[in-house]
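What follows is a short report on a single structure.
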Amino acid sequence: MTNNKEATRYFSDIHESSVARALGGTKVANSGAGKFSGGDVIQKDASLLIECKTVMTEKQSVSVKREWLVKNKEEAFSKRFDNNCLCINFGPGTPNYYVIEEKLMKFLVEKLKEDNS
């Protein structure tokens, strides 16, 4: 397959690879497009399924759709993962941001409090 730098898939692959590297995870083959797969990156040790969304050119804002969050949660459940999140960025080379549920945020806050005591 030729890398077409004008195709959404090209930028998605770069984004998914960067998230997998950053979190010590594994990219899902074909970006979760298979019938029995879901999500874009798996971090098995954290029981975490990550859905990645990026844009092809730098933007000032990105809309988050509830359906992405609901679908990712359902796919995580079907894979028996305890956690899920959405990773977005605002264009190539921009930082990644993660959208998480309150349950996971509470866990993170507790861990941060332990580290700071």
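The numbers here are math on the coordinates, done by the rules we state, and not lab data. Only a predicted model underlies this, so the values are computations on that prediction, with no experimental measurement involved. Cβ: placed from backbone, ideal geometry, glycine included. Neighbour counts: every protein chain shown.
Taking only alpha carbon atoms, the chain gives an Rg to Rh ratio of 0.98, where Rh is the Kirkwood radius. Of the cross-linked pairs Lys27/Lys106; Lys73/Lys103; Lys53/Lys73; Lys53/Lys106; Lys79/Lys106; Lys53/Lys111, which ones have a Cα-Cα span greater than 18 Å in the structure shown? Beyond 18 Å between Cα atoms: Lys27/Lys106; Lys53/Lys106; Lys79/Lys106; Lys53/Lys111. Note on Lys65: aspartates and glutamates with a C-alpha under 13 Å away, same-chain residues under 8 apart excluded, are Glu51. The distance between label points at Met56 and Met105 comes to 3.3 nm (points 7 Å beyond Cα on the Cα→Cβ vector). Per-residue extension of 0.36 nm, minus the Cα-Cα distance of Lys113 and Trp68, leaves a gain of 13.2 nm for this segment. Taking the Cα atoms only, what angle lies between the long axis of helix 66-78 and the longest principal axis of the chain, rounded to 10 degrees? That helix lies at roughly 70 degrees to the long axis. Residues of the chain were split at every exposed loop site, defined as trypsin sites (Lys or Arg not before Pro) in a DSSP loop with at most 13 other C-beta atoms within 10 angstrom, and the longest piece left, sites excluded, is 81-117.
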